[in-house]
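Here, each number is a calculation from the coordinates, and none is a lab measurement. These numbers come from a predicted model, not from an experiment. Here Cβ is always computed from backbone atoms with ideal geometry, including for glycine, and neighbour counts include all displayed protein chains.
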Amino acid sequence: MAEPSPAAIVRDARPDDAHALAELHVRTWQSTYVGIVPQRVLDGLSVERREAYWRERLAEAAGDRRTWVAEADGMPAGFVTAGRTRDDDLRAEAPDAGEVYAIYVATWAQGRAVGRALMIVALDWLRRAGRNPVAVWVIVGNDPAIRFYEQLGFRPDGARQPIDFDGTPVDEIRFRLRDA
């Protein structure tokens, strides 16, 4: 059997990508957050509900938010969504700040530079839109993601927030990249 190609093609997400994005979103959560997010929450994730979310999101005009899909070996391998920061404190400090809202890479595609290809496209778009600095939130315990962001130059900025997962609080920490 031939070795899969490491190359990823990154393109704008389209409404017809909603199901693939939902699958990626749910399956990566279910593999990444085992032992971090309560199992009952992971088991309760629904591709159908997430697909409805993506259908709505991708049908909107792009505006100040963009989503890209990476394809590898002819299959969706990951996605990234970015835009203006949602954080009031960061906007007060830097009105043009940006944010990577989400980046997920299929388990089979991890370690093949798919995430890096997605981030390069998103960071380039944010830079051209004048978004600086750029923030990303990471769930505490997601050490591979933390290492990934640190390799790209992101650093923790001291912000922390709890997420309530069905009565179980899990903290997120914010990382920031200056001069995106």
| note | Once Q151 and D164 are pulled to full extension, the length gained, defined as 0.36 nm per residue separation minus their Cα-Cα distance, is 1.8 nm
| message | Apply the a/c threshold of 1.5 to the C-alpha gyration tensor of the chain and tell me whether it is rounded, prolate or oblate. | response | rounded
| Length gain on complete extension for the stretch M75 to D124, per 0.36 nm per residue less the alpha carbon to alpha carbon distance? | 15.3 nm
| field | DSSP-defined antiparallel bridges as percent of all bridges, the chain, nearest 5 | value | 90 percent
| task | Would you mind getting me the FRET efficiency between I9 and R91? Use the beta-carbon distance for r and R0 = 30 Å, nearest 0.05. | result | 0.35
